[in-house]
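Here's the structure, in structure tokens; my notes come after.
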Amino acid sequence: MNESIPFSAGQLPRSWWRETGAPPTIGQFPNNYSSSISWLAGIFLVAAFTSVLLMASTTSKIDRIDAPEQALSLMVGRTMDAQEGLSRAPAWEQRMMRWVSGDGEAERTQAIAWYQELAARSDDPAVPLQLAILQAESGQAAQALLSAHKWNTREEPLPAYGNIIGAAYGEERPLDRHTVEALQSRMGDVLPVGWFYDRLMMRLAQRAGHAELTAIIDEELALRGDRLYHYSRRLTVMELVIMLAGTLLLFLIWQKHRAGLNVVRLHDPGLPPPWPGRVGTAVLLRGGAIGAMIMAVCLLYLPPENASLRALAIPLTNVPVLALAYYHLFRPAGMTFEEGFGLSLPWSHVGRLMTAVLAVVAAGLWGEWLMDRMAEQWHLTSHWTEWFDEDLVWGSSSLTMVSLLEYVILAPLFEELVFRGLLFAILRRKFRFLPAALVSASIFGLAHGYGPVGLISVCWSGVLWAWIYEKTGSLAPGILAHAINNLLVCLAVMSLLRF
């Protein structure tokens, strides 16, 4: 007969979600927090958060851009130029770039969908003209000609544009050389100098048998395409080097972990923090509510064209919760910010710090690569307005520098302090790593207001930065990895659209 054997204290199974090994609190923490005020702050914070999400979901993404026609024309035209440059690269290089960056056909399909969305909203006749050129150059000439035929019932200049599309891509009688030359200046007033203009004029010149004009346009396409492709290649090589080095370091970290060693530990005590979760929750709710009020004031009264004042909104909205955390969490525990967040590191830990940063950045890049390939298979994409930044593309040098300061320094610093240093850390008092990381990363992702693809990408980054905080006991690797991630995105936008 089998007898049940009771578990001893050391044999009790650990819960997969509940943290049972949180350290005891250290210090005298306030116990006079009014639960009613905390509840009211929480309700206000949830209402403000929900209103922002509703506004983001109900407002057209195109309305976020002051000049969407020019923005989409620049973005799609430059992307097509870069593909032109890639097509002239060696075969092995083309395979490598397509493996890293994805299929060019998927980019064309996305661009056509974006242009169709814009054409349904814009009155600019250049938009349907560019859409027809894009469709014809992407193997959808029949659809482009059908659209051009329908323009005959529209107001000028669309009927004239329809005749031009028919002459360039249809079976109609080609235009003569003199007519094509006359169209050069006329279309130059309609289409900006770039891929759309060159492609249309090249088709017209080829059909007219104008070899000299065809050669001139082909040379311009090659020069512009090679220049943009070289920018893209440099950035891709940089990312590949980071991925390779970081992957080797991830393997080293895993091997040492199996041997019971943590080679990236930077600071103790680490997580969970030594303050009560109840007080931490009250600090987050109250500080977050005050920050939401300040953000509302900034949105209402700060001029959006003033980048310097706009950048101040990030520290202003986060100072209340950090101040409350210092006075009610860190100081009672006998800690400074540097000690509590693990930011005070000796020079002897620089090697460990760089190891942790490279490893987590590489993990982030691998995750992005995998998500991009899955999104291609499922025909999902981020909306182009989510990563098009007018200040980085069209802003003055001073405006661009302020934007880089905002994206590369202020946002990584304050977002990591609040979302990982406080929110994730407080959740770790109650939950084990994975639930705490997923909850904090989800809130972090929703706060960005992106679509499904962007939300998953931001959540993945949030989980990784929580993981490296857990492993190292310091926010420094997450802040640096966050900054590098944002810098790579800014460089990608600027190298394609600004330079």
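The values are calculated or read from the model by the stated rules, or taken from the named source; none is laboratory data. These numbers were taken from a predicted model, which means no experiment stands behind them. Cβ sites come from the backbone with ideal geometry, for glycine too, and all protein chains shown count toward neighbours.
Assorted remarks:
- Pro412 part of a helix (DSSP H, G or I), in the same structural domain as Ala476 (by TED's automatic domain parsing) and either within 17 Å of the chain's Cα centre (by Cα) or of a type in the set (A, V, I, L, M, F, W, C) (or both): yes
- Subset tally (residues that are assigned to a helix (DSSP H, G or I), closer than 18 Å to Ala71 by Cα and either among the acidic types (Asp, Glu) or without any contact (Cβ under 8 Å) to a residue 24 or more places away in the chain (or both)) for region 186-197: 3
- Among (1) modelled with pLDDT of 95 or more; (2) farther than 18 Å from Gly85 by Cβ; (3) surrounded by 13 or more Cβ atoms within 10 Å (Cβ to Cβ) - the single one Val190 does not satisfy: (1)
- Subset tally (residues that are without any contact (Cβ under 8 Å) to a residue 40 or more places away in the chain and β-branched (Val, Ile, Thr)) for region 110-144: 1
- When region 17-52 is filtered for residues that are modelled with pLDDT under 80 and touching a Leu at 6+ places or on another chain (Cβ under 8 Å), nothing remains.
- Residue within region 305-327 that is of a type in the set (Phe, Trp, Tyr), without any contact (Cβ under 8 Å) to a residue 24 or more places away in the chain and either within 23 Å of Leu405 (Cα to Cα) or crowded, with 21+ Cβ neighbours inside 10 Å (or both) present: no
Residue by residue, here is whether (1) under 22 Å from Glu19 (Cα atoms); (2) in a helix (DSSP H, G or I) holds:
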| position | (1), (2) |
| --- | --- |
| Arg420 | yes, yes |
| Arg428 | yes, yes |
| Ala436 | yes, yes |
| Val463 | yes, yes |
| Ser474 | yes, no |
| Pro477 | no, yes |
| Ile484 | no, yes |
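- Per this entry, Arg233 is counted among residues that are surrounded by 15 or more Cβ atoms within 10 Å (Cβ to Cβ), touching a residue at least 40 places away in the same chain (Cβ under 8 Å) and under 30 Å from Asp81 (Cβ atoms).
- Condition check for Ser461: out of contact with any strand residue (DSSP E or B) (no Cβ under 6 Å at 6 or more places or on another chain), surrounded by fewer than 20 Cβ atoms within 10 Å (Cβ to Cβ) and among the hydroxyl-bearing types (Ser, Thr, Tyr): no
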